[in-house]
Amino acid sequence: MKPPPFEYYAPTTVEEAVAHLAEHGYDAKPLAGGQSLIPMMNFRLAQPAILVDLNNIAELSFIRPEDDGGLSIGAMTRHQMVEKDAQVVERAPLINETMPKIATSQIRSRGTFGGSLAHADPSAELVAVSVALDGNFKVVGPQGERWVPANEFFLGLFTSVLEPEELLVEINLPPFPERTGWSLMEIARRPHDFCLIGVVAVLTLDEKDQCQQAKLVYLSAGDGPVEAHQAAELLKGQALTAEAIQAAAETAASADIDPSSDIHATAEFRRHLANVLARRALGEALERAISNTQ
Amino acid sequence: MSDLFDVAITVNGILYEREVEPRLLLSDFLRHDLGLTGTHVGCEHGVCGACTILFDGDPVRSCLMFAVQAQGHEVLTVEGLGAIDDLHPIQEAFWEAHGLQCGFCTPGFLTTLVPFLEENPDPSEEEIRDAISGNLCRCTGYKHIVDAVKLAAEKMRA
């Protein structure tokens with residue numbers, strides 16, 4: 001199908017874009033890479049009266065190393081650019097590993113880092129990864145800017161804290177702590193398709209190689225990214241034996257998440273996958289954490 | 001109808017100046033306004049890959065862009081890849097290795113593969129299958145397509 005008519009603006013600065021959004025409120029939608037919004041418009045599931053195209057705002061496309069060892073990524077930086085960037089490999093290895101798993105090359109050449117987050121799709125890899133990495137989101141509106149931690153940004157299905165007149169402009173990733181390992185695992189019927197379920201694990205070890213901090217964040221397991229708090233709590237301060245990891249994975253799958261059934265998989269099957277994936281992801285994260293201490 | 005926008009878009013090396021409605025998809029602009037019907041429209045929601053074109057050298061879904069967004073940019077479609085008596089090596093390879101049956105999906109495969117093979121001159125089968133995972137073919141079962149990509153890589157290395 002074809003999208004319904006809309007008014008089109010293509011500002012070249014954030015200020016101008018925010019002014020358009022402030023003027024039109026809920027009638028307007030920002031257009032980032034368009035790899036989710038345009039399909040929704042083609043199906044007429046979304047019919048915004050006004051599109052504010054962000055693709056000509058050069059100031060929103062950047063990858064900037066920070067003095068503290070972290071990394072900042074502009075919201076309109078295309079996935080492909082993040083995927084191929086050497087600073088991302090060095091400073092945010094989990095992001096580097098995530099990029100090729102996002103959709104297909106034809107989507108990554110156009111889709112944007114911030115667009116994927118602002119869309120708040122619970123099956124999007126970056127949504128879960130940004131929570132697992134304690135990312136911070138810079139949001140600009142008519143009243144100025146504010147910073148929102150990733151774990152407070154996502155409110156539910158395709159819903160974030162962004163007000164209609166606000167733009168996500170930058171994502172800050174804190175420095176990757178030493179003795180830290182990571183893993184992203186997902187199961188999809190076809191490679192690069194939306195996954196049935198997936199999980200991100202980030203483990204930091206203390207000097208005695210015990211778990212100092214664990215993060216386990218699921219994608220496609222609820223209306224937003226789902227943090228497995230109980231499982232993480234079980235691991236904290238523990239030696240990461242196979243038994244401890246197994247117990248945490250079982251807790252995550254049975255107590256922390258509440259997946260639903262659909263035509264692709266039953267809730268029961270998703271719980272089974274959640275358990276298996278958590279076990280594997282924690283195992284891989286542990287191996288990497290150990291090799292990062294040597 | 002919403003306002004019309006003037007666009008100047010270079011397609012296959014030729015500058016086209018047209019007036020477009022903002023909602024006009026780039027795929028429809030290529031097919032209907034320019035008559036370049038080699039770009040095929042399958043699913044129109046970014047899944048099938050038939051409408052893949054090169055946008056400033058990168059493979060993109062032309063059904064997931066508006067023509068107005070291509071203002072000032074360069075597009076390459078399958079028509080710009082080779083001529084009937086001077087095929088691109090990837091086209092030759094698809095022909096010789098039977099990499100197509102009905103041909104509907106083929107333009108999308110070819111355009112996807114141009115930058116892939118330029119960046120990966122000697123890809124493994126796994127890399128090839130990953131590269132074409134965003135293009136659906138309902139005829140071939142992909143076996144001959146993978147063979148064609150291997151042959152194309154050989155031709156391009158020669």
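The values are calculated or read from the model by the stated rules, or taken from the named source; none is laboratory data. The structure presented is a predicted model; accordingly, all values stated were derived computationally and were not measured. Cβ sites come from the backbone with ideal geometry, for glycine too, and all protein chains shown count toward neighbours. These accessible areas exclude ligands, DNA and RNA; they are computed on the full protein's heavy atoms, side chains included. Shrake-Rupley method; radii C 1.70, N 1.55, O 1.52, S 1.80 Å.
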Inset, instruction - Give the Cα extents of the stretch B:5-80 along the principal axes, in whole Å, largest first. - result: 29, 25, 20
Inset, instruction - Measure off 7 Å from each Cα along the Cα-to-Cβ vector at B:Gln101 and A:Gln143, then give the distance between these two points in nanometres to one decimal. - result: 6.1
Legend entry - For a label point 7 Å along the Cα-to-beta-carbon line of A:Glu90, residues of the stretch A:173-189 with backbone N under 17 Å: A:173-178
Legend entry - Protein accessible area in the stretch B:5-80, 1.4 Å probe - carbon and sulfur %: 46
Inset, instruction - With an 8 Å cut-off on Cα pairs and a minimum separation of 6 or more residues, tell me the relative contact order of chain A in percent. - result: 15
Inset, instruction - Determine, at each q value in 0.12, 0.14 (inverse angstroms), the log₁₀ of I(q)/I(0) that the Debye formula gives when each Cα of the protein assembly as shown is one equal point scatterer. - result: -1.08, -1.35
Inset, instruction - Just subtract the alpha-carbon distance of A:Arg179 and A:Glu16 from 0.36 nm times their residue separation and send over the number in nm, one decimal. - result: 54.3 nm
Legend entry - Radius, Kirkwood style, for the stretch A:1-138 when every pair of distinct Cα atoms is counted (Å): 15.8
Inset, instruction - Rounded to whole Å and sorted largest first, list the principal axis extents of the Cα atoms in the stretch A:180-291. - result: 46, 27, 22
Legend entry - Alpha-carbon gyration tensor eigenvalues x 5, square-rooted, for the stretch A:37-80, Å: 31, 11, 8
Legend entry - Alpha carbon Rg of the stretch A:7-53, scaled by the compact-globule rule 2.2 N^0.38 Å: 1.11
Inset, instruction - State, in angstrom, two size descriptors of the stretch A:58-173 derived from its alpha carbons: Rg to one decimal place and Dmax to the nearest whole number. - result: 13.1, 37
Legend entry - Euclidean distance between Cα centres, the stretch B:42-72 to the stretch A:98-169, Å: 23
Inset, instruction - Run down the lysines and flag those whose C-alpha is under 20 Å from the C-alpha of A:Lys29, throwing out any fewer than 8 positions away in its chain. - result: A:Lys2, A:Lys138
Legend entry - Hz values of 3J(HN,Hα) by residue in the stretch B:57-71 - Karplus curve (6.51, -1.76, 1.60), Gly and Pro given as x: x, 9, x, 9, 7, 6, 7, 10, 9, 8, 4, 4, 6, 8, 3
Inset, instruction - Compute the acute angle (0 to 90°) between the alpha-carbon long axis of helix B:143-157 and the principal axis of greatest extent of the alpha-carbon atoms of chain B; round to the nearest 10°. - result: 90
Inset, instruction - Enter the angle in degrees (range 0 to 90, nearest 10) between the Cα long axis of helix A:267-291 and the first principal axis of the Cα atoms of chain A, meaning the one along which they spread out most. - result: 70
Legend entry - Relative contact order (%) - criterion: Cα under 8 Å, at least six apart; region: chain B: 24
Inset, instruction - Scan around B:Thr10 for amide H atoms under 5 Å from its own, H built in the peptide plane at 1.01 Å from N, and keep only partners 5 or more places away or cross-chain. - result: B:Tyr16, B:Gly72, B:His73, B:Val75
Legend entry - Accessible surface buried once B binds A (1.4 Å probe; total of both sides; Å²): 2300
Inset, instruction - Report, to the nearest 10°, how far helix A:14-24 tilts away from the longest principal axis of the Cα atoms in chain A, using its own Cα long axis and a range of 0 to 90°. - result: 70
Inset, instruction - Could you give log10 I(q)/I(0) at q = 0.22, 0.25, 0.27 Å⁻¹ for the stretch A:121-194, computed by the Debye formula over C-alpha point scatterers of equal weight, without solvent? - result: -1.04, -1.18, -1.27
Inset, instruction - First obtain the Kirkwood hydrodynamic radius of the stretch A:104-152 from its Cα pairs, then insert it into the Stokes-Einstein equation at 10 °C and 1.306 mPa s, and state the resulting D in µm² per second as a whole number. - result: 133
Inset, instruction - Take the Cβ-Cβ distance between A:Gln213 and B:Asp85 as r, set R0 to 56 Å, and report the resulting FRET efficiency rounded to the nearest 0.05. - result: 0.30
Legend entry - Cα-based convex hull volume of chain B per residue, rounded to whole Å³: 106
Inset, instruction - Evaluate the Debye formula for the stretch A:242-294 with equal point scatterers sitting on the alpha carbons, no solvent, and hand back log10 of I(q)/I(0) at q = 0.21, 0.27, 0.30 Å⁻¹, in q order, two decimals. - result: -0.73, -0.96, -1.06
Legend entry - Mean residue ellipticity (222 nm) of chain A, computed from DSSP H runs ≥ 4 via -39,500 (n - 2.57), nearest 500: -9000 deg cm²/dmol
Legend entry - Extension gain, A:Ala58 back to A:Leu155 (0.36 nm per residue minus Cα-Cα distance, nm): 32.0 nm
